[in-house]
Amino acid sequence: MNVDSEVGYKVALSMVPGMTAQTARAFIDADISFDEFFSLDSVTLSRRLGITGSFVFPMAERQEALRRGMEESVFMRDHHIRCIFLGDESYPSLLDEMVNAPVALYVLGDTDLDARHMLALVGTRKCTAYGSEFTRRLVADLAPYYPDMAVVSGLALGIDAAAHGAALENGLATIAVVAHGLDMIYPAVHRGLARKIIESGGAIVSEYPRGTRPFQRNFLERNRIVAALCSVTFVVESEVRGGAMSTASQAFHNNREVMALPGRASDPMSAGCNFLIHSERAHLVTSAAQFVELSGWVPQHAAAAPRQLNLFPELDGVPKLIYDTLRKEAAAVSLDRLFQLTNLGMKDLMVALTEMEFDGIVHKLPGARYELA
């Protein structure tokens, strides 16, 4: 078969029915060899692993997993897929903290899954122009601060695609965690995007071997990996029961920073974000400047220091209209009042305010009120 037997053994171990992160760690701690794991009788193996009770690994199941693992390793070799096993030096440290961490990860691509700045950008498949534009702007504004940043998402339609695309446009690595084997890409329309991710130095990651289809339960399991890989999870747009909400929940319960973009109360695509903010499970963030402050990430280069405040900004178009409106007011103006005074569309108003806040032209105060800086 001419394969790397260690890779085949690792893959096989992950395929054994009943194999969990806890058991895999016990296997590592017990200093059991792969040969021993697949050849010892079940009673002896269970004793060596410290497993008590009726739980055993039947020999027939182990041998079948070994056969499948060796076949999988041939496919991996032929398609340049790596296997990162729990306990390997290259296994992501944040992911290793999870009780239910994947025993093995299949990785197509060369990017570091343990980068210093890992940002999960997630949201609804049915995103609005407001959400996709904010995603693009946020990544573009953060890129000079963190050129080593990796943007992590799920390769789905909507916000996921916008996140991967924004990373590619700004020369950042991006990682797509998928809910199926690496012998396919779902959705199929994103095959080209997946290819660009690999070619740009990013990666496609899965915990599933080839032949695994994108069943609904796999997406929920996938979301825990997206959340666990990253120190910050940002939900751009989501319905209350969207998949991004499960990612946010995983991040919140793993004590990671969660951020969300607020939206109109009447917009169902922002209902989930508004709920996360209201329930204090996520920070309200509308700009890269706020992200930098809340994330605690230190910019890498002096050139990426916060932009200098321009006391006399030269503006035109929508920003000038907002600036002139705020200059005439004696006190901070609410978002609703700005909407009435400027007669702008809410999307255009929010996008412009986000850019002006990052540029240091306006300050956002509690209660969604704005004033000139």
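The values are calculated or read from the model by the stated rules, or taken from the named source; none is laboratory data. Since this is a predicted model, take the numbers as computed values, not measurements. Here the Cβ positions follow ideal geometry from the backbone for every residue, glycine too, while neighbour counts run over all protein chains shown. Quick note on the areas: whole protein, heavy atoms, side chains included, nothing else; ligands and nucleic acids left out. Shrake-Rupley method; radii C 1.70, N 1.55, O 1.52, S 1.80 Å.
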- Regarding residue 44, is this residue touching a residue at least 24 places away in the same chain (Cβ under 8 Å), out of contact with any helix residue (DSSP H, G or I) (no Cβ under 6 Å at 6 or more places or on another chain) and assigned to a helix (DSSP H, G or I)? no
- Task: Exactly one condition in (1) open to solvent by 10 Å² or more (accessible area, probe 1.4 Å); (2) within 21 Å of residue 237 (Cα to Cα); (3) assigned to a loop (DSSP other than H, G, I, E, B) is not met by residue 116; state its number.
- Result: (2)
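Could we say that residue 142 is open to solvent by 50 Å² or more (accessible area, probe 1.4 Å) and either touching a helix residue (DSSP H, G or I) at 6+ places or on another chain (Cβ under 9 Å) or charged (D, E, K, R) (or both) here?
Numbers: open to solvent by 50 Å² or more (accessible area, probe 1.4 Å): no; either touching a helix residue (DSSP H, G or I) at 6+ places or on another chain (Cβ under 9 Å) or charged (D, E, K, R) (or both): yes.
The answer is no for residue 142.
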- Item | Pair list, Cβ < 6 Å and 6+ apart or interchain, from region 90-107 residues that are under 15 Å from residue 23 (Cα atoms) to residues that are open to solvent by 10 Å² or more (accessible area, probe 1.4 Å) and part of a loop (DSSP other than H, G, I, E, B) | 102/207; 103/19
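Condition check ((1) more than 15 Å from the chain's Cα centre (by Cα); (2) farther than 17 Å from residue 259 by Cβ) across all residues:
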| site | (1), (2) |
| --- | --- |
| 71 | yes, yes |
| 81 | yes, yes |
| 90 | yes, yes |
| 102 | yes, yes |
| 121 | no, no |
| 146 | yes, no |
| 156 | no, yes |
| 172 | no, yes |
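Charged (D, E, K, R), at pLDDT 95 or above and under 17 Å from residue 111 (Cα atoms): is that true of residue 195 in this structure? Even if it seems obvious, please write down each step before you answer.
On the way: charged (D, E, K, R): yes; at pLDDT 95 or above: yes; under 17 Å from residue 111 (Cα atoms): yes.
Criteria met by residue 195.
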- Message: Just to check your reading of the model, which residue among 167, 150, 162 is buried (at least 23 other Cβ atoms within 10 Å of the Cβ), in contact with a Cys (Cβ under 7 Å, 6 or more places away or on another chain), touching a residue at least 24 places away in the same chain (Cβ under 8 Å) and not β-branched (Val, Ile, Thr)?
- Response: 162
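Please verify whether region 347-359 includes one or more residues that are in a loop (DSSP other than H, G, I, E, B), modelled with pLDDT under 80 and either open to solvent by 50 Å² or more (accessible area, probe 1.4 Å) or more than 23 Å from residue 258 (Cα to Cα) (or both). Steps first, please.
Initially, region 347-359 is screened for residues in a loop (DSSP other than H, G, I, E, B), giving 359.
With modelled with pLDDT under 80 added as a condition, the list becomes 359.
Subset that is either open to solvent by 50 Å² or more (accessible area, probe 1.4 Å) or more than 23 Å from residue 258 (Cα to Cα) (or both): 359.
Yes, region 347-359 has at least one match.
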- Determine whether region 238-255 contains at least one residue that is open to solvent by less than 10 Å² (accessible area, probe 1.4 Å) and over 11 Å from the mean Cα position of the chain (by Cα). yes
- Task: Could you give me the residue pairs with C-beta distances under 6 Å whose first residue belongs to region 201-230 and is more than 25 Å from residue 71 (Cα to Cα) and at pLDDT 95 or above, whose second residue is buried (at least 21 other Cβ atoms within 10 Å of the Cβ) and among the hydroxyl-bearing types (Ser, Thr, Tyr) wherever it lies, and which are 6+ apart or on separate chains?
- Result: 202/174; 223/247; 226/247; 227/233; 227/247
- in contact (Cβ under 8 Å) with a residue 12 or more places away in the chain, part of a helix (DSSP H, G or I) and among the charged types (D, E, K, R), is that true of residue 237? no
- Look through 107, 99, 74 and report the one residue that is among the β-branched types (Val, Ile, Thr) and open to solvent by less than 10 Å² (accessible area, probe 1.4 Å). 107
